[in-house]
Each structure stands twice: as C-alpha cells, then as structure tokens.
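Report on one structure; see the data block that follows.
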Amino acid sequence: MYEDLVPQSSTARRLAFLTLIQSTGTGLFLTSSAIFFTKAIGFSPQSVALVLSVAGFFGFLSTVPAGRLADRFGARLPLAGSYAALSLLFTLYCFAHGFAVFAVVACLIAVGETAGSPLRAALTFSLFGRETATKVRAQMRGVFNLGSMAGAALAGVALAEGSREAFYSVVAVNACAQLICALVTLGLREPVQPRRARGESAANGRAALRDYRFIAVTVANGLLELHNAMLNVGIPLWITIQLRESGSLNSVVVIFNTVLVLLLQVRLSRGAESAGGAALLLRRSGIVLLISCAIFAATAIVPKMWVAPVVVLAAVVMVFGEIYQAAGSWGVSFELPPSGRQGEYQGVFALGRGLQQFIGPVLVTALVINVGAFGWIILSVIFGTVGMLCIPLVRAAENGDKMISTAA
C-alpha cells in the first residue's frame, strides 16, 4: 500500500510536490471564489455565472493548440509558462473592480488552467513513458485529492472572515502556489523527444481532429465522466431537494470519495498499461456507475431510516466507477496516440472532458431534479450503454493507429 501511495523515483516525487502545491492553491481559490466575487467584490451571481461560462468556452478552445505546442517544443516550457502566467493573472483579480476587467482576467485564467491539462499529461508521458505513466497519473490523482481537501479547509478560514482583505489573501496564496509550480516544472528534466517539423502541413497538424475513431473514444470517455457532475451537482441536489436530508450527508459522501480514491486509485488502475486493458476498465466503469445510479434511484422509495445508509452505499459504489474510468482514460489517452503526436492527441482527448463540463451539470440537474428517480435510471442506461461500447471503440481506434503508423 505504501508503494502505491508514495512515488518511488525522485522525478515522480517532484511531480507529486508540484501536484500538491497546485491542487492546494486551486482548492483554496475554487472553494471560496464564487462567494467572494459576489459578497466581497459585489458582482451579481448571474454576472459571475455568465463570465465563468464564457471563460470555460475559451478554455475549451485552448486544449488542442496547447497539445500541439507540447509536440513541437516539449511540454515542460509551455507548462511552466502557463503556471507563471496564472500567477500574474490571479494577482490581477485584486484589481478587477470593473466587470470588463474581471471578465478578461477570468477568460485568460481559464485558458491557462485548461491548457495545463494536456500539457501535464504530455509531460508525464515524456518523463515516464508508456510503462509507468499510468501508475504515476494514478498516484498524482491521490495527491491532487489531498491538496484539494487541504485547500478547501484553508478556504473555510477565509470564508469565516468574509472580508475583501481575506479574498486578497486567498488570491495571493494561490498566486504564490502557481509561481512555485512554475519553478518546480522548470526543474524537471524532460527527455529529448523527436519534435514535429516546423514545416509540416496544416492538414497533418489536424490529424487528431480528423481521427474519428479516437474522437469516438474521447466522446465515450467524456460521457463516463458524468460521474463528476453527479458528485458535484447531482448528489448534493438529490440529497437536499428531493430527499430533504441534511447537507451534512453530502459531506460524508465527499469524505468517502476522497479517502477511497486516495487509497485505491493506484491499486485498481492495474491493467491500464495497454489499450485493451484500459478499455476493459472503461467498460467496468460503465457497469459500476449503472449500479450506482440504480441504487440512487432506490433511495426515493426506501424507508426514511434507510435513506442515509443507502445514499452512502450508492456513493461508495460510484467511487469504484470513478476510479475505473480515470484509470481507463489515462490508458487509452497514452496508448492510442501515434508516435510524436502525444500532445496533440492529449489536447483532443481533453475536449471530451470539456464537453462533459459544459453539458454535465445541466444534464444531471435536469434528470435528477426535474425527472426524479427515473432520471437516475436514464443515467444508468447512459453509463451502461457507453461502457459496453468502449471495448469495440478502443479496438477500432487501436487498429486505426496501426494503419497510420504503417502509412507513415
């Protein structure tokens, strides 16, 4: 268990330190920012929601260009640059008293944060190779959860104060965290990889966007990632609105989720080192999430005294589906891209996650609140169907990759 949780190589430990610092700063800021923007700075909730939605769209557009940068110049320098830019941009929030300035800063931050996802994935692959990259990603996910939890706890202190000065302190701590991440990233030694030729045609530069087999896998993985919307939106609303239970029950759900991911992510990620094994994990994820949704639906009809235990049971089952999905997604995103295009394909793969972030909260809220228990059944059908499609979709993408490699 110790070897699962603690990275063994010095490079992996540096990456873990980077992940811990970054997730702590991000957790601190995200937990408190919406409240501070409305209460301390004075923007309306509607204007904040609009700006963050537009910012998310700009972030969505940044993933593929970021991946191409990683293929051409390596992932280390662009990632360090994004962290340094984020440090400056977060500081600018202290001067964003006007709505226009706030909107511009938020959009630029979304670009930097979203572009970091494919850059981190490409850097991990470059540093550790196919053999160990998936295990390292699993370890980093546990570290990320720890940092996010620590950041949320620190945010509670700032929220208790509730002043504009407290918000500035949150911004300053997060900005310092981003700057530390930039310095740590610069200290990593990325192996020399063959770079894409500068004169390569634009058509070849869009290979991942034209690889419909890979796009199909990307969409399937994005749909399985609806468990994020379940955890962040669906379950809290179901507990408090439909079941009329205390919000503290959702805190129990979050604690179980954090602890189980930390303890089990690496162990249950075994087998994701091959495309076939990763596809099997994605199918397993769909089936487990189907079961979880069915149990959530049952909470609408069980006796009152059994509601809380059954909710926790459904949430625990969901964690296993979440773990399998995460491991499977790393496996296919590392194994399916052709040689020399890891960054570009990671950028396209991140589009599926971005699509889920757009439609997930709206879809899950509509099903859980407007449809009720039957909405959970609809979600279970979605998960089960997508899960069963994953093996043939990955197999088709793998065969397409072999055809591309042969043609090259």
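List of remarks:
Rundown of residues vs (1) in contact with a Phe, Trp or Tyr (Cβ under 9 Å, 6 or more places away or on another chain); (2) in the same structural domain as residue 269 (by TED's automatic domain parsing); (3) aromatic (Phe, Trp, Tyr); (4) more than 12 Å from residue 130 (Cα to Cα), yes/no style:
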| position | (1), (2), (3), (4) |
| --- | --- |
| 310 | yes, yes, no, yes |
| 326 | no, yes, no, yes |
| 329 | yes, yes, no, yes |
| 332 | yes, yes, no, no |
| 350 | yes, yes, no, yes |
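- First in the range 76-100 and farther than 18 Å from residue 33 by Cβ, second anywhere and part of a helix (DSSP H, G or I) and of a type in the set (Lys, Arg), Cβ under 7 Å, 6 or more apart: 79/120
- Pick from the range 111-169, criterion free of Cβ contacts under 8 Å to residues at least 40 places away in the same chain and among the hydrophobic types (A, V, I, L, M, F, W, C), ranking: farthest from residue 271 (Cα to Cα): 160
- Residue in the range 373-384 that is within 25 Å of residue 208 (Cβ to Cβ), in contact (Cβ under 8 Å) with a residue 60 or more places away in the chain, touching a Cys at 6+ places or on another chain (Cβ under 8 Å) and surrounded by 20 or more Cβ atoms within 10 Å (Cβ to Cβ) present: no
- Test set (1) more than 16 Å from residue 320 (Cα to Cα); (2) among the aromatic types (Phe, Trp, Tyr); (3) in contact (Cβ under 8 Å) with a residue 40 or more places away in the chain - residue 306 fails condition number: (3)
- One residue stands out in the range 42-60 among those that are in contact (Cβ under 8 Å) with a residue 40 or more places away in the chain and crowded, with 16+ Cβ neighbours inside 10 Å: the one that is farthest from residue 337 (Cα to Cα), namely 43.
- Lone qualifier among 357, 346, 342 - being under 14 Å from the mean Cα position of the chain (by Cα), surrounded by 24 or more Cβ atoms within 10 Å (Cβ to Cβ) and assigned by TED's automatic domain parsing to the domain that holds residue 284: 346
- A residue that is without any contact (Cβ under 8 Å) to a residue 12 or more places away in the chain and either out of contact with any helix residue (DSSP H, G or I) (no Cβ under 7 Å at 6 or more places or on another chain) or within 14 Å of residue 177 (Cα to Cα) (or both) cannot be found anywhere in the range 14-28.
- Selection status of residue 52, modelled with pLDDT under 85 and of a type outside the set (Lys, Arg): yes
- Identity of the residue in the range 146-180, within 17 Å of residue 92 (Cβ to Cβ), more than 20 Å from the chain's Cα centre (by Cα) and of a type in the set (Gly, Ala, Ser), that ends up surrounded by the fewest Cβ atoms within 10 Å (Cβ to Cβ): 172
- Residue check for residue 76: closer than 24 Å to residue 339 by Cα, of a type outside the set (Val, Ile, Thr) and under 20 Å from the mean Cα position of the chain (by Cα): yes
- Filter result for residue 337 (assigned by TED's automatic domain parsing to the domain that holds residue 296, surrounded by 24 or more Cβ atoms within 10 Å (Cβ to Cβ) and farther than 18 Å from residue 228 by Cβ): yes
- For residue 320, the test of being out of contact with any Lys or Arg (no Cβ under 8 Å at 6 or more places or on another chain) and either outside the structural domain of residue 236 (by TED's automatic domain parsing) or surrounded by 24 or more Cβ atoms within 10 Å (Cβ to Cβ) (or both) is failed.
- Counted residues, the range 129-145 - those being buried (at least 22 other Cβ atoms within 10 Å of the Cβ) and among the hydroxyl-bearing types (Ser, Thr, Tyr): 1
The values are calculated or read from the model by the stated rules, or taken from the named source; none is laboratory data. Treat the numbers as computed from the prediction; the structure is a model and nothing was measured. Here Cβ is always computed from backbone atoms with ideal geometry, including for glycine, and neighbour counts include all displayed protein chains.
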